[in-house]
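**Q** Questions regarding the structure given below will be posed in turn.
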Amino acid sequence: MRAQMTAPRKVYFVSLGCPKNQVDTEIMLGLVRERGDRLVDDPEEADTLVVNTCGFIESAKEESIETVLELAQIKAASGGDKKLVMAGCLSQRYPSELANELPEVDHFLGSADMLGLQKVLQGEAKRMGVSELSRRAYLYDATAPRQTYGVGHSNYVKIAEGCDRPCGFCIIPKLRGPQRSRPIFDIVSEVHALVEQGTKEVCLVAQDLTTYGTDFKERGLAPNNLEDLLDALNEIEGLKWIRLHYAYPTATTQGLLERIAGHERVASYLDVPLQHLDTGVLKAMRRGYTEKVVRDLVDRIHDLPSRVWLRTTMLVGHPGEDEAAYHRLRDFISEGRIDHLGVFPWSKEDGTASAMRPSRVPFEVAEARAAELMEMQAQLRLRRHQGMLGEVLEVMIDGVSEESEFLLEGRHEGQAPDIDGKCYVCDGTAERGDIVQARVINVGEHDLVVSMDLERAPDEEALEAAEDAAL
Ligand code: SF4
């Protein structure tokens, strides 16, 4: 489809929020490229400024507004012939309020309106382009014009959009609409195309990965689920790691865990947000499970025949989280069975059920609890890393380190991009996307230092520190 040609536009993007929003931005980047327009990385040079916003929690909303206002100043300083576009979740959440409060913004596009940018660039779009969300709302497919950015050999693939779950603290179902999954053949076709372009790792994302396919029946599609998808993706030659993000505890089946532990190309890694441990708090959060379910799941992961790295997220300070409940969570974290942890203080989000709940926890208390758990986790992870000294790992090279041009950086199978720490490769040569064998010679709370000289012994001071810590 070649649009009615207008003078090539120069388009500048800012992408905020989560990896799912990044994929949406990449669809818009691909659309700009397909039109023959230019992507520029200087807003002064651009005639169209696009912010793909996040509207999940207070801090994200503030960042989105600040970014839009910064670009509005650049637009004003240029005499105002630039177009300012506000896309994504914040536009989806507050279309009319934003339209009234931000006269500087020329166009609003919602979280499923990426293709609406076409009309904006053609100069034919109305100001308000935010559409209602439904099961039929737009979800990209393998034919969508997508221009990935980032390291090139590792890319996110969104397998589904939206969410049907009732979690009390979460506004996402209102921002992203109901669950809608992409058929397996479509995802396989996209991943094949990415692998042909050099992708070695795909990080599968959705709001809830484990309800993949539950909407197929009512759409008259073949009944498939996440396990079927992994079986299909595991056949793709050239793919090294298929990484799973955002599983739901009660939908994390034994079959799924066995594929994570057993399938050659599925990374031995699982990101499953548990949110809390305490049964009372989980009930108040409307998560639909109990402490026993959380402990059973973690046991099942640890009982797998091979090591599976566990990432999770906890939410502290949710209404109903008294001292005792928090201490139960803290004791659980102190058991050291979680490899990678993110802890967030609850944020009162209007339009969510939890926002109406009594027995609040002061935000400073929630922040202090989050900081305490993250500090505890840092010490536990340092201990775990010290136990890896001398271990030989497979490391995927991401490129030259930002820390030093003499260092390469990469990740082992247990480290997802951007969130789980890095492996700094202190010797040897390798290209982006290469998989190298490397020995752990030094460690920190967050990162590892590895050597491609497999005969090299770990650094003395690292061994001493590990011995002292073990005492
Ligand atoms: S599963 Fe995740 S996205 Fe869905 S409502 Fe719950 S927290 Fe929100």
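The values are calculated or read from the model by the stated rules, or taken from the named source; none is laboratory data. What you see is a predicted model; the values in this text were computed from it and never measured. In this analysis, Cβ positions are derived from the backbone assuming ideal geometry, glycine residues included, and neighbour counts consider all displayed protein chains. Calculation scope for accessible area: heavy atoms of the full protein, side chains included, ligands and nucleic acids excluded. Shrake-Rupley method; radii C 1.70, N 1.55, O 1.52, S 1.80 Å.
**Q** Using a 1.4 Å probe and ignoring any ligands, DNA or RNA, find the accessible area of K292 and quote it in Å² to the nearest 10.
**A** Rounded to the nearest 10, that gives 130 Å².
**Q** Probe 1.4 Å, all protein chains in place: accessible area of R259 in Å², nearest 10?
**A** 50 Å²
**Q** With only Lys, Arg, Asp and Glu charged, each at its Cβ (+1 for the first two, -1 for the last two), find how big the charge dipole of the range 363-471 is about the Cα centre; round to the nearest 20 debye.
**A** 360 debye
**Q** If you keep only loop residues by DSSP, which GluC sites (Glu not before Pro) in the range 237-287 have at most 15 other Cβ atoms within 10 Å of their Cβ?
**A** Qualifying residues, ordered by number: E237, E264.
**Q** Round to a whole angstrom and tell me the spacing of the C-alpha centers of the range 318-386 and the range 159-197.
**A** The two parts, judged by their Cα centres, are 27 Å apart.
**Q** How about the range 394-471: which GluC sites (Glu not before Pro) there are in a DSSP loop, with at most 12 other Cβ atoms within 10 Å of their Cβ?
**A** Passing both the DSSP loop test and the Cβ count: E402, E403, E405, E431, E455.
**Q** In the chain, which cysteines lack any other cysteine Cβ under 4.7 Å from their own?
**A** C18, C54, C89, C163, C203, C423, C426
**Q** With a 1.4 Å probe and all protein chains left in place, how much of the accessible area of the range 154-383 comes from carbon and sulfur atoms, in whole percent?
**A** Carbon plus sulfur share of accessible area: 54 percent.
**Q** Principal axis extents for the range 154-383, Cα atoms only, whole Å, descending order, please.
**A** Cα spread of the range 154-383 along its principal axes, largest to smallest: 51, 42, 30 Å.
**Q** Mean separation of Cα pairs under 8 Å and 6+ residues apart, divided by the residue count of the chain: what relative contact order is that in percent?
**A** Reported relative contact order: 9 percent.
**Q** Using packing as a proxy for protection, rank 142-148, 48-54, 180-186 so that the peptide with the highest average count of other Cβ atoms within 10 Å comes first.
**A** 48-54, 180-186, 142-148
**Q** Within the chain, which complete DSSP H helices have Cα atoms spanning at least 20 Å along the helix axis and a mean Kyte-Doolittle hydropathy of 0.0 or higher?
**A** none
**Q** Based only on Cα atoms, what Rg/Rh ratio does the range 295-395 have, Rh being taken as Kirkwood's radius?
**A** Ratio value, two decimals: 1.06.
**Q** Largest first and in whole Å, give the semi-axes of the range 392-470's equivalent ellipsoid, each being the square root of 5 times a Cα gyration tensor eigenvalue.
**A** In descending order the semi-axes read 21, 14, 11 Å.
**Q** Using 1/(1 + (r/R0)^6) with R0 = 35 angstrom and r between the beta carbons of F363 and E461, what's the FRET efficiency to the nearest 0.05?
**A** Efficiency at R0 = 35 Å is approximately 0.30.
**Q** I've got another one for you. Hey, got the Cα dimensions of the chain along the principal axes, in Å, largest first?
**A** 69, 57, 50
**Q** Same structure again: Give the relative contact order (percent, whole number) for the range 392-470; include only Cα pairs under 8 Å separated by 6+ residues.
**A** Answer for the range 392-470 is 27 percent.
**Q** For Cα pairs less than 8 Å apart in space and 6+ apart in sequence, what is the mean separation divided by the residue count of the range 59-183, i.e. the relative contact order in percent?
**A** Computed over the range 59-183, the figure is 20 percent.
**Q** Please state, as a whole number in µm²/s, the translational diffusion coefficient that the Stokes-Einstein equation yields for the range 2-129 at 4 °C and 1.567 mPa s, with Rh defined as the Kirkwood radius across alpha carbon pairs.
**A** Estimated via Stokes-Einstein, D reaches 90 µm²/s.
**Q** Test of the criteria: in the range 10-81, which GluC sites (Glu not before Pro) are in a DSSP loop and have at most 16 other Cβ atoms within 10 angstrom of their Cβ?
**A** Qualifying residues, ordered by number: E44, E45.
**Q** With r as the distance between the Cβ atoms of Q379 and A76 and R0 = 45 Å, compute the FRET efficiency 1/(1 + (r/R0)^6) and round to 0.05.
**A** After rounding, the FRET efficiency stands at 0.35.
**Q** On a full-extension model of 0.36 nm per residue, what is the gain between Q147 and M356, subtracting their alpha-carbon distance, rounded to one decimal in nm?
**A** Result for the pair: 71.1 nm of gain on full extension.
**Q** Something else: Relative to the present Cα-Cα distance, how much length would full extension add between F185 and K283 at 0.36 nm per residue of separation?
**A** Stretched out fully, the F185 to K283 stretch lengthens by 31.5 nm.
**Q** Work through the residues other than D420 whose Cβ is under 14 Å from its Cβ and net out their charges, Lys, Arg +1 and Asp, Glu -1.
**A** -3
**Q** Please give the FRET efficiency for R127 paired with E218, using the beta carbon to beta carbon distance and R0 = 45 Å, rounded to the nearest 0.05.
**A** 0.80
**Q** For the chain, what does -39500 (n - 2.57) per DSSP helix run (n ≥ 4), summed and divided by total residues, give at 222 nm, in deg cm²/dmol to the nearest 500?
**A** Calculated from helices alone, the mean residue ellipticity at 222 nm is -10000 deg cm²/dmol.
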